[in-house]
Amino acid sequence: MRKQFVILVLGLIAFGFALTSDANTYIVGDNSGWDISTNLDTWEQGKKFIVGDVLVFQYASTDTLCEVGQDSFQACNTTNVIKCFSDGNTSIPLTSPGERYFLCGNRLYCFSGMKLDVLVERNQSVPAEAPLNGVPESESGGSKNNNPSTIVPSGVVPINVESSMFLMGLLGFWCVFSSIM
């Protein structure tokens with residue numbers, strides 16, 4: 001009985017390691033945050049953004065963050081936006097490959113460089129057909145951390161409903177199996 005339990009636990013641990021990914025959480029602008037004084041072009045250099053990463057924008061309550069399309073990004077158009085945030089601490093999960101465009105809602109700040117164009121690449125550690133169900137397009141909230149780090153490993157890819165059901169089935173099977181033995 002104890003041997004089967006150890007084998008099951010080791011199997012679940014191995015399964016958990018199989019679900020890990022290279023996803024990271026990036027504090028946009030590092031210690032400066034989403035601010036007019038931050039050189040976002042320099043900040044972005046050398047970073048590779050993949051599906052599963054999260055961008056965290058930390059900014060003053062007088063600033064805003066807007067996600068826009070390419071045309072609005074190039075023209076600093078702050079009226080044709082996908083979504084705007086003003087809470088000072090906004091997390092944007094990167095849920096699909098492609099370009100994402102962010103700018104400050106203050107058009108003058110946008111023209112001064114307070115905008116970010118991010119190319120999101122497919123996460124090679126996750127099968128292409130695996131959906132990231134349950135991950136909202138954007139989340140915001142919390143308080144501003146005045147001492148953020150550049151990259152915070154997130155570790156595990158969100159598990160979709162089918163995977164959760166599989167784990168529940170495996171646990172149920174083990175319970176029935178262990179009661180028979």
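The values are calculated or read from the model by the stated rules, or taken from the named source; none is laboratory data. Just so it is clear, the model here is predicted, and its values are computed rather than measured. Every residue, glycine among them, receives a Cβ derived from its backbone with ideal geometry; neighbour counts consider all protein chains shown.
Consider Ile50 carefully, then state whether it is among the β-branched types (Val, Ile, Thr), touching a Gly at 6+ places or on another chain (Cβ under 8 Å) and either touching a residue at least 60 places away in the same chain (Cβ under 8 Å) or not assigned by TED's automatic domain parsing to the domain that holds Glu121 (or both).
Working: among the β-branched types (Val, Ile, Thr): yes; touching a Gly at 6+ places or on another chain (Cβ under 8 Å): no; either touching a residue at least 60 places away in the same chain (Cβ under 8 Å) or not assigned by TED's automatic domain parsing to the domain that holds Glu121 (or both): yes.
So Ile50 does not fit the description; no.
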I'm trying to understand the selection: among the residues of region 44-95, which are acidic (Asp, Glu) and not in a helix (DSSP H, G or I)?
Asp53, Asp63, Glu67, Asp87
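Listed here are the residues, each with its yes/no results for (1) at pLDDT 85 or above; (2) in contact with a strand residue (DSSP E or B) (Cβ under 8 Å, 6 or more places away or on another chain); (3) surrounded by fewer than 11 Cβ atoms within 10 Å (Cβ to Cβ); (4) within 25 Å of Gln124 (Cβ to Cβ).
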| site | (1), (2), (3), (4) |
| --- | --- |
| Leu12 | no, no, no, yes |
| Thr20 | no, yes, no, yes |
| Ala23 | no, yes, no, yes |
| Ile27 | yes, yes, no, yes |
| Ser32 | yes, no, no, no |
| Thr42 | yes, no, yes, no |
| Val51 | yes, yes, no, yes |
For region 47-90, which positions are farther than 12 Å from Asn24 by Cα and of a type in the set (Gly, Ala, Ser)?
Ala60, Ser61, Gly69, Ser72, Ala75, Ser86, Gly88
